[in-house]
1. Please pick out the residue among 464, 487 that is farther than 24 Å from residue 237 by Cβ, assigned to a loop (DSSP other than H, G, I, E, B), in the same structural domain as residue 428 (by TED's automatic domain parsing) and modelled with pLDDT under 95.
2. So which of 161, 129 is in the same structural domain as residue 189 (by TED's automatic domain parsing), in contact (Cβ under 8 Å) with a residue 12 or more places away in the chain, farther than 27 Å from residue 413 by Cα and assigned to a helix (DSSP H, G or I)?
3. Failed condition for residue 265, given (1) touching a helix residue (DSSP H, G or I) at 6+ places or on another chain (Cβ under 7 Å); (2) in a loop (DSSP other than H, G, I, E, B); (3) touching a residue at least 60 places away in the same chain (Cβ under 8 Å), with all others met?
4. List the number of the failed condition for residue 4; all other conditions in (1) more than 17 Å from residue 117 (Cβ to Cβ); (2) touching a strand residue (DSSP E or B) at 6+ places or on another chain (Cβ under 9 Å) hold.
5. On the given criteria, is residue 413 surrounded by fewer than 22 Cβ atoms within 10 Å (Cβ to Cβ), part of a loop (DSSP other than H, G, I, E, B), modelled with pLDDT of 95 or more and touching a strand residue (DSSP E or B) at 6+ places or on another chain (Cβ under 6 Å)?
6. Return the residue satisfying two criteria in turn: it lies in segment 42-63 and is modelled with pLDDT of 90 or more and out of contact with any strand residue (DSSP E or B) (no Cβ under 7 Å at 6 or more places or on another chain), and of such residues it is farthest from residue 77 (Cα to Cα).
7. Of the residues in segment 395-410, how many are assigned to a loop (DSSP other than H, G, I, E, B) and either under 30 Å from residue 446 (Cβ atoms) or touching a strand residue (DSSP E or B) at 6+ places or on another chain (Cβ under 6 Å) (or both)?
8. Among the residues of segment 258-269, is any touching a strand residue (DSSP E or B) at 6+ places or on another chain (Cβ under 9 Å), farther than 19 Å from residue 412 by Cβ and surrounded by fewer than 17 Cβ atoms within 10 Å (Cβ to Cβ)?
């Protein structure tokens with residue numbers, strides 16, 4: 001702290017001697033001048049960490065001095081002190097990006113508090129965040145070890161995400177500690193899913209699932225006569241939602257912010273089709289075989305989403321006119337925003353935003369994107385940048401302006417994989433790295449979660465002997481005959497389809513117009 005230099009400009013500086021001596025006693029070096037021109041000259045001649053500036057000085061006014069300081073050194077924090085309580089002076093000062101605005105008379109502690117807030121806040125935040133997380137570390141570990149219900153896991157995962165975002169932002173050096181704790185939690189969560197997943201599909205108590213989202217979150221709003229936009233951001237995680245939540249909260253009231261459990265496999269073909277149809281995949285195949293896309297088919301896995309929504313409305317006898325909008329690129333997103341008035345023609349608008357999913361896949365293919373999204377924290381930052389600087393924020397702003405209620409969710413999340421495990425399958429086995437569907441699969445059963453009776457969990461079975469095998473934690477499947485290629489190419493990429501908190505525990509948010 002002894003290296004911090006402060007320039008104080010005030011035409012009555014002699015009267016402030018006690019304040020300066022107080023700051024000296026706290027370790028600050030204070031240089032004084034009596035007018036704005038001398039302040040500018042002092043800043044040109046030497047380095048200062050902060051300026052304290054009187055608003056009412058002879059010659060160059062405090063506000064004019066402030067403007068010149070901001071042109072020459074825009075990053076230096078300036079505390080403005082004034083006798084005037086006129087609002088226009090305050091507005092001009094705040095508009096010039098001052099660090100603080102104090103009204104005379106001021107006491108030494110006010111000055112010290114403002115200095116600490118502007119020069120030491122990062123260090124103080126780091127210290128407090130580190131202390132708080134150390135205090136909670138043991139409690140979180142205990143909760144992980146004792147978790148016995150899906151609500152326990154919702155709470156644990158939400159807590160870990162909150163701490164991960166906090167520690168990443170504070171740059172405390174504790175970030176790896178929370179990452180390790182999250183990995184520990186994922187290992188325990190995978191065991192929890194293996195013990196309970198089949199039971200959840202046995203007709204008894206179970207978590208809120210993909211096939212129940214439309215019925216529980218969308219239908220009540222429609223029945224209440226609300227105009228609804230159902231927005232699905234493909235491949236969207238809880239931490240990404242928390243990153244964009246401040247921007248969304250500026251436009252909408254957040255009425256509901258919970259987690260639900262995506263079905264397995266955590267992929268578009270299964271989880272998102274279950275959302276739109278309100279059915280488990282096996283039921284879709286049985287009731288609407290023309291709408292179900294098999295693994296080997298060349299058609300896209302989500303080409304029948306609008307018809308699936310229609311089947312849901314038909315089964316529940318709702319005569320609701322709806323639109324389906326898939327935003328696969330910037331052009332389609334901007335076109336939707338330009339024509340947003342068209343949404344007023346429908347009580348229900350289904351909107352699928354594919355950017356986050358494309359970012360995840362592009363990262364696998366592009367070295368540049370790998371560098372930009374080299375960690376979970378960077379992945380979050382890219383998501384926030386996309387939302388704030390693209391059609392996405394304009395879309396939400398437009399929905400808010402038109403009084404829409406918005407249900408925001410996703411079909412599944414994603415996880416960065418780094419541990420290859422070997423599996424062998426025939427040529428008809430699917431290519432997904434986090435789950436495999438096939439017959440005569442060969443693998444180490446201790447490393448995976450296997451479902452040998454797909455019908456018991458609502459999954460279709462192409463053959464009598466077909467089985468589903470899921471990777472857990474940060475694992476991904478690699479074939480022995482091309483093992484090194486898989487390890488080098490896919491290690492460190494974001495994948496989905498398997499079992500992890502990031503993939504299965506996903507946000508469900510209800511927003512109402514302000």
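The values are calculated or read from the model by the stated rules, or taken from the named source; none is laboratory data. Nothing here was measured: the structure is a model prediction, and the numbers come from that model. Counting neighbours? That spans all protein chains shown, and the Cβs are built from the backbone with ideal geometry, glycine included.
1. Values: 487 fails: assigned to a loop (DSSP other than H, G, I, E, B).
None of the other options fit; the residue is 464.
2. Of the residues listed, the single one that is in the same structural domain as residue 189 (by TED's automatic domain parsing), in contact (Cβ under 8 Å) with a residue 12 or more places away in the chain, farther than 27 Å from residue 413 by Cα and assigned to a helix (DSSP H, G or I) is 129.
3. Among (1) touching a helix residue (DSSP H, G or I) at 6+ places or on another chain (Cβ under 7 Å); (2) in a loop (DSSP other than H, G, I, E, B); (3) touching a residue at least 60 places away in the same chain (Cβ under 8 Å), residue 265 violates only (1).
4. Exception for residue 4: condition (1).
5. Numbers: surrounded by fewer than 22 Cβ atoms within 10 Å (Cβ to Cβ): no; part of a loop (DSSP other than H, G, I, E, B): yes; modelled with pLDDT of 95 or more: yes; touching a strand residue (DSSP E or B) at 6+ places or on another chain (Cβ under 6 Å): yes.
It is false that residue 413 is surrounded by fewer than 22 Cβ atoms within 10 Å (Cβ to Cβ), part of a loop (DSSP other than H, G, I, E, B), modelled with pLDDT of 95 or more and touching a strand residue (DSSP E or B) at 6+ places or on another chain (Cβ under 6 Å).
6. Ranking the candidates gives 45 first.
7. If we filter segment 395-410 for residues that are assigned to a loop (DSSP other than H, G, I, E, B), which is where we start, we get 402-404, 410.
If we keep only those that are either under 30 Å from residue 446 (Cβ atoms) or touching a strand residue (DSSP E or B) at 6+ places or on another chain (Cβ under 6 Å) (or both) too, we end up with 403-404, 410.
Selection size over segment 395-410: 3.
8. Residues of segment 258-269 that are touching a strand residue (DSSP E or B) at 6+ places or on another chain (Cβ under 9 Å), as a first pass: 258-267.
Adding the requirement that they be farther than 19 Å from residue 412 by Cβ leaves none.
No, segment 258-269 contains no residue that is touching a strand residue (DSSP E or B) at 6+ places or on another chain (Cβ under 9 Å), farther than 19 Å from residue 412 by Cβ and surrounded by fewer than 17 Cβ atoms within 10 Å (Cβ to Cβ).
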